[in-house]
Amino acid sequence: MSGFPEKLDCHGRDVILRPGRPDMRRGKISVRLGNDKVVLSYGRGVTLADIERFLRSEKVLKWISKTTDRSNGVMRGGNAVYLLGKRYQYLVSAGVSECRFADGNLLLPPKGGHTDGESGAELPAEYAADVRRLSVKTLKRIVAERLPALIELTGLKPSKIKITSANSYWGNMNVNTHLMRISDKVIEKPPECIDYLLLHELIHIRIPNHGAAFHREMARYMPDYRDRSRLLKK
């Protein structure tokens, strides 16, 4: 796998090539959306010809064409606000002192020339950092609320949970330390996707790879896990 270029072009988008995690299945190729690029990970035994053939496939072409709108969320450096599968309008209100979600809106305090009653679908840049902090705080609360039931269900528990700003993964589990990492971008997805992701990473404590045993465990605890996985990746 040595001698690969750092990136390739795929339908006008940069594709960054990265070796997969040590437990990645031999011959596997996977892709993830970054802020302005596509990150491709490859397992052992993958050749450059395999990657080029993969990037020419109709499936990848369709996937690339769907990423444009999904790359615009605040958690990915854009100006659209998504929370738990819903896109929010913002509303500037003199009645709030800090950003918060309420009554189907994202309420913002007046600042930087934005006055009471202003509203829209595209978040003003002045509020982006505040909304990111609010989204991360919301995700931490949701994880704290939903993870205990999954721990009780499986008997598996992470040593620590870390919320990251990663764009190259939704979540991962360090199989040695049992540190669970969750990307903050998952807050954009419906709650059932968050449950799926948490369970997925918990199962990796028991089964480090994505082989048949892993999928049997996922199906055992969450029969519709494949549907949730597809929804997460939309």
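The values are calculated or read from the model by the stated rules, or taken from the named source; none is laboratory data. Here the structure is a predicted model, which is why all the values come from computation and not from measurement. When we count neighbours, we look across all protein chains shown, and the Cβ atoms used for this are built from the backbone with ideal geometry, even at glycine. What goes into the accessible areas is simple: the full protein's heavy atoms, side chains included, and nothing from ligands, DNA or RNA. Shrake-Rupley method; radii C 1.70, N 1.55, O 1.52, S 1.80 Å.
Work out the length of the dipole vector of the chain about its Cα centre, built from +1 on the beta-carbon of each Lys and Arg and -1 on the beta-carbon of each Asp and Glu, and round it to the nearest 20 debye. Intermediate values should be presented prior to the final figure.
Details: 41 positive and 26 negative charges, 197 e Å.
Dipole about the Cα centre, nearest 20: 940 debye.
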Accessible area of segment 122-203 belonging to carbon and sulfur atoms, whole % at 1.4 Å probe: 52
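Please work out the FRET efficiency for the pair residue 133 and residue 230, using the Cβ-Cβ distance as r and a Förster radius of 30 Å; give the result to the nearest 0.05.
On the way: r = 30 Å, r/R0 = 1.00.
FRET efficiency, residue 133 to residue 230: 0.50.
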Amide H contacts of residue 21 (H built 1.01 Å from N, under 5 Å, at least 5 apart or other chain): none
Convex hull (Cα only) mean projected area of the chain, reported in nm² to one decimal: 14.2
On Cα atoms only, tilt of 58-70 relative to the major axis of the chain in degrees: 20
